[in-house]
Amino acid sequence: MKLFATLGLAAAISLAAMPAFSQGSADPENTLVITTKNGEIDIQLRPDLAPEHVERIKELARENAYDNVVFHRVIDGFMAQTGDVAFGKEGGPQYAPGRAGMGGSDKPDLKAEFSQETFDRGTVGMARSQDPNSANSQFFIMLADGDFLDGQYTIVGDVVEGMDVVDKIKKGDSQANGAVENPDKMLSVRVAADEK
């Protein structure tokens, strides 16, 4: 089961500025461009922290696997989760809104690549089940700081442009662990180096 582990939201979560890493020139080979109905989200991937996870995200993006995948779990003041290419891909053969968040890709799960980096607003991490070595295709974008996640989830990047777009992603029901009815989706996901 590929669910982001349920966490006590009583932990102090405060809004913060973009992560310090977001400053500087972008590397097109390690920049992920997510297009949504509200605009683009640019993520600077961090192969220095999680080379295997970053490679997986780029591989799936290059296969167009993330296109039309919904943001199935969005908790206001916490995070927006997406990336279930099995059950969360609108128009896909296994699309099942009620199961979105429980699947991954047809590729093997990845061994954790935890780091000393902190989960700030705009940080992108890999979702997993209770097994630390179960990340596959799903990821989440932090809507606020969440240092209580530090060292427990693999950090794969930071939003460098488009946090205003992330903030517009349709929120889920806080009473239903953030499940979203008629969710927003990623229209397309590309590696910037591949765009012409």
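Test residue 148 against the stated conditions and say whether it is touching a residue at least 12 places away in the same chain (Cβ under 8 Å), surrounded by fewer than 20 Cβ atoms within 10 Å (Cβ to Cβ) and assigned to a loop (DSSP other than H, G, I, E, B). Can you show your working first?
Details: touching a residue at least 12 places away in the same chain (Cβ under 8 Å): yes; surrounded by fewer than 20 Cβ atoms within 10 Å (Cβ to Cβ): yes; assigned to a loop (DSSP other than H, G, I, E, B): no.
For residue 148, the condition - touching a residue at least 12 places away in the same chain (Cβ under 8 Å), surrounded by fewer than 20 Cβ atoms within 10 Å (Cβ to Cβ) and assigned to a loop (DSSP other than H, G, I, E, B) - is not met.
Is one or more of the residues making up region 89-103 more than 20 Å from residue 42 (Cα to Cα) and in contact with a Leu (Cβ under 9 Å, 6 or more places away or on another chain)? Let's see the steps before the verdict.
Residues of region 89-103 more than 20 Å from residue 42 (Cα to Cα): 89-103.
The next check asks that each one be in contact with a Leu (Cβ under 9 Å, 6 or more places away or on another chain); those that pass are 101-102.
Among the residues of region 89-103, at least one is more than 20 Å from residue 42 (Cα to Cα) and in contact with a Leu (Cβ under 9 Å, 6 or more places away or on another chain), which makes the answer yes.
Name the residue that is surrounded by the fewest Cβ atoms within 10 Å (Cβ to Cβ), counting only residues in region 44-69 that are within 22 Å of residue 121 (Cβ to Cβ) and among the aliphatic types (A, V, I, L, M).
Among those that are within 22 Å of residue 121 (Cβ to Cβ) and among the aliphatic types (A, V, I, L, M), it is 49.
Just to verify a result, which residue in region 96-133, among those that are among the acidic types (Asp, Glu) and farther than 23 Å from residue 77 by Cα, is least open to solvent (accessible area, probe 1.4 Å)? Outline the logic, then answer.
Of the residues in region 96-133, the ones among the acidic types (Asp, Glu) are 106, 109, 113, 117, 120, 131.
This time we only want the ones that are farther than 23 Å from residue 77 by Cα, so: 106, 109, 113, 131.
On the way: 106: 143, 109: 73, 113: 31, 131: 74 Å².
Looking at the filtered set, the residue picked out is 113.
Out of all the residues in region 151-177, which are over 22 Å from residue 26 (Cα atoms), at pLDDT 95 or above and open to solvent by less than 50 Å² (accessible area, probe 1.4 Å)?
Across region 151-177, the qualifying residues are 151, 153, 169, 172.
If you go through region 160-180 one residue at a time, how many are within 18 Å of residue 70 (Cα to Cα) and either assigned to a strand (DSSP E or B) or aliphatic (A, V, I, L, M) (or both)?
8
When you scan region 26-139 for strands (runs of 3 or more DSSP E) that lie fully inside it, which ones turn up with 3 or more residues that are over 13 Å from the mean Cα position of the chain (by Cα)? Spell out the reasoning first.
Values: elements: 31-36, 39-45, 73-75, 79-82, 123-126.
Result: 31-36.
The values are calculated or read from the model by the stated rules, or taken from the named source; none is laboratory data. Fair warning: this is a prediction, and the values are worked out from it, not measured in the lab. So basically every Cβ, Gly included, is an ideal-geometry build from the backbone, and we count neighbours across all protein chains shown. All accessible areas refer to the heavy atoms of the entire protein, side chains included, with ligands and DNA or RNA removed. Shrake-Rupley method; radii C 1.70, N 1.55, O 1.52, S 1.80 Å.
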